[in-house]
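The values are calculated or read from the model by the stated rules, or taken from the named source; none is laboratory data. Nothing here was measured: the structure is a model prediction, and the numbers come from that model. Cβ atoms come from the backbone with ideal geometry, glycine included; neighbour counts cover every protein chain shown. Note: areas computed on protein heavy atoms with side chains; ligands, DNA, RNA excluded. Shrake-Rupley method; radii C 1.70, N 1.55, O 1.52, S 1.80 Å.
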Amino acid sequence: MVNRRYGYLHECKWPLEAIDMHHVVVRKSNAKGFFVYLSALIVVANAASYLLLVKDKSITILLWGFLLSVLLVKVMFWNRVMKESVVVMPTFGVQLETHYASGRIIHRFIPIGKILKPVLLECVSPVTCYWSLSLLLHGEAELTLVLKELRPPVKMLIPIWKALCDASDIKEVSDSWKDAN
Amino acid sequence: MADQKHRILMVSDFFFPNFGGVESHIYYLSQCLLKLGHKVVVMTHAYGNRSGVRYMTGGLKVYYVPWRPFLMQNTLPTVYGTLPIVRTILVREKISLVHGHQAFSTLCHEALMHARTMGYKVVFTDHSLYGFADIGSIHMNKVLQFTLADVSQAICVSHTSKENTVLRSGLPPEKVFMIPNAVDTAMFKPAPERLGNDEIIIVVISRLVYRKGADLLVEVIPEICHLYPNVRFIVGGDGPKRVRLEEMREKHSLQDRVEMLGSVPHAHVRSVLISGHIFLNSSLTEAFCIAILEAASCGLLTVSTRVGGVPEVLPEDMIVLAEPDPSDMVRATGKAISLLPNIDPQQMHNRMKKLYNWHDVAKRTEIVYDRALKCPDQNLLERLSRYLSCGSWAGKIFCFVMIIDFLLWRLLQLWQPTEEIEEVPEFTLPHHQDEEIISNFNKDQSLG
């Protein structure tokens, strides 16, 4: 399952298919890369042109320009999320993983007994609406986001939601969501 | 009666949990339209922590968009800032028609503008009367002229309001429908036992502000208390003029005859009304006045100022009208006291059930929607010609604003194509205890 920005992958590990893995992968965006490199180039060009115009200033300005560009590229790419995974281990728990371009992986493990209910929610921001998949946990007032950084379309969230419902033994699945899948 | 079912987006800055006439109008109309088989979604701004999507009775979906109000519950006007969220909601809910409420709502004006840019048909309901002379009214009327220049149809709540809207906006009268408000007669019922006439109780429930005639009350109440020793007042409501009423009580030693309740939650209004015989309304301007409908539904005889759309609301035998002048109001109250023995609260309530019915309002609104959807589609150039007629300078500014809105919409379509906005699946609501409340409301509304 793919769209312009995200791809969804489902795999089962182990011979008994006991472990259910769902991955939402960020597809490479040429446009974003183009804009980031263009912005970096503009910063360097501005620093260079300032240096040329104001000749009595030291080369420090250009060096600061380079540094700023490197920082810009680093921030935009280094901290970029490559993939988020949901590993469902029935009777044991759920592991939520966030994979960054730098190679860093953040793991969050939630025991199966702590999950009250996985819920699909509509979130509203000042400019858009999107679906999010969250977990209602026993004893916690706040919802826990399953996919913390990414906002894939709801057709990719539904199989993950169903797997979480099955794992935490939630029987109520509405017909409209079955049809939507 | 139309068979085509519509998908309507109601837009206004004024919705629950804020309480008032516009809010309850949107709610009741939406519930009745849902009952008729239409799909209704409400869009308003966030109230405190209430932000995001909420579902109300009957599956009414409400988008509380996190734009903070900046003045009198109005969203900060950014002209183009709400374009992305309005577009997203229109596409994901598969809306066919946008219905804006209240001229004073900035969110309504912006949403109608964006909806027209995107080619949707729009309907506008004006709930209030506005002036022509002061600087605020002049600007408001110009904004209204802009919004209504390209509206498909408009609705007003009284003939006086229609005349006022047509004069302010320059809209052709044939585009304006008159559909009055209604009252929830299931909620506003008379007291089970009729009150005795030994002591006459006059009830006043309104915001204690200049516009609602609180200054008139300060003159009228002592005079009535002096002329009629068996009359008592119950005053519910709060506002900046409350201090004047308290001073009046002290000055004339009326503490035992004038009871001040303070702010009365809407759920308790009926219990206050049924403790009285007469309802006194002293508003200086009203497009419609739902308060007197509620009072009449509870079996109270109404005394009101003859302003705005008030004379159109109740039959002559249910209301005594007076000029907004203390002496005439005292005369009218005296006349009402003499008419009291002839009043049957239950009969009044039964008549109100037949006269005012939210289902009837919904059916009439449905006709307006059908008419709006039959209006021809127009491209940008055809629409711009309508804006040019708004004024020599204003017309050009309006055209410029609409051109920019159109360009921004096209850019938004490139940035986020319509195919990427996911449509919301239809949900079947589970059977719930609210269904019993809804069926009781509908049963009561349809009787008679």
Discussion item. I'm checking my understanding of the structure. Among residues of region B:187-206 that are of a type outside the set (A, V, I, L, M, F, W, C) and surrounded by 17 or more Cβ atoms within 10 Å (Cβ to Cβ), which one is nearest to B:I343 (Cα to Cα)?
Written reply: B:P190
Response to the item:
All-but-one check, B:C390 against (1) open to solvent by 30 Å² or more (accessible area, probe 1.4 Å); (2) not assigned by TED's automatic domain parsing to the domain that holds B:L216, failing number (1)
Item to complete: Quickly run through region B:324-366 and pick out the residues that are touching a strand residue (DSSP E or B) at 6+ places or on another chain (Cβ under 8 Å), outside the structural domain of B:V204 (by TED's automatic domain parsing) and surrounded by fewer than 20 Cβ atoms within 10 Å (Cβ to Cβ).
Response: B:R364
Worksheet item: Which pairs do you get when a residue that is outside the structural domain of B:I89 (by TED's automatic domain parsing), found in region B:412-424, comes within reach of a residue that is part of a helix (DSSP H, G or I) and not acidic (D, E), reach meaning Cβ atoms under 7 angstrom, with the pair 6+ apart or on two chains?
Response: none
Fill in: Condition broken by B:S283, with the remaining ones in (1) open to solvent by 10 Å² or more (accessible area, probe 1.4 Å); (2) among the small types (G, A, S); (3) in a loop (DSSP other than H, G, I, E, B) satisfied
(1)
Worksheet item: Considering B:Y55, B:Y63, which residue is among the aromatic types (F, W, Y), part of a strand (DSSP E or B), farther than 22 Å from B:R364 by Cβ and open to solvent by less than 40 Å² (accessible area, probe 1.4 Å)?
Response: B:Y63
Discussion item. Take the residues in region B:140-155 that are more than 17 Å from B:V123 (Cα to Cα) and modelled with pLDDT of 85 or more; name whichever of them is farthest from the chain's Cα centre (by Cα).
Written reply: B:K142
Discussion item. Quick check on my filter: what residues within region B:65-81 are facing chain A (nearest Cβ under 9 Å) and in contact with a Ser or Thr (Cβ under 8 Å, 6 or more places away or on another chain)?
Written reply: B:V65, B:P66, B:W67
Practice prompt. Please name all residue pairs, on different chains or six or more residues apart, with Cβ atoms under 7 Å, provided the first residue is in region B:124-150 and is free of Cβ contacts under 8 Å to residues at least 12 places away in the same chain and assigned by TED's automatic domain parsing to the domain that holds B:R168 and the second residue is assigned to a helix (DSSP H, G or I) and open to solvent by less than 30 Å² (accessible area, probe 1.4 Å).
Written response: B:G131/B:S137
Practice prompt. Determine the pairs where a residue that is within 13 Å of chain A (Cβ to nearest Cβ), located within region B:40-64, has a partner that is among the small types (G, A, S) and in a strand (DSSP E or B) with Cβ atoms under 9 Å apart, the partner being 6 or more residues away or on another chain.
Written response: B:A46/B:G52; B:Y63/B:G52; B:Y64/B:G52
Worksheet, complete the sentence: Counting only strands (runs of 3 or more DSSP E) entirely within region A:105-174, those with at least 3 residues that are within 14 Å of chain B (Cβ to nearest Cβ) are A:115-124, A:129-137
Worksheet item: Being outside any loop (DSSP other than H, G, I, E, B), assigned by TED's automatic domain parsing to the domain that holds B:L71 and over 30 Å from B:R87 (Cα atoms), is that true of even one residue in region B:177-194?
Response: no
Discussion item. I'd like the residue in region B:82-108 that is away from every other protein chain (no Cβ under 14 Å) and assigned to a helix (DSSP H, G or I) and, out of all such residues, is most open to solvent (accessible area, probe 1.4 Å).
Written reply: B:T106
Practice prompt. Can you confirm whether region B:14-26 contains a residue that is open to solvent by less than 40 Å² (accessible area, probe 1.4 Å), at pLDDT below 95, closer than 28 Å to B:D184 by Cβ and in contact with a Gly (Cβ under 8 Å, 6 or more places away or on another chain)?
Written response: yes
Worksheet item: Among the listed residues B:L29, B:L76, B:L33, which satisfies the condition of being among the hydrophobic types (A, V, I, L, M, F, W, C) and surrounded by fewer than 23 Cβ atoms within 10 Å (Cβ to Cβ)?
Response: B:L76
Worksheet item: Looking at (1) out of contact with any Gly (no Cβ under 8 Å at 6 or more places or on another chain); (2) among the hydrophobic types (A, V, I, L, M, F, W, C); (3) closer than 20 Å to B:L321 by Cβ, which is the only condition B:C225 fails?
Response: (3)
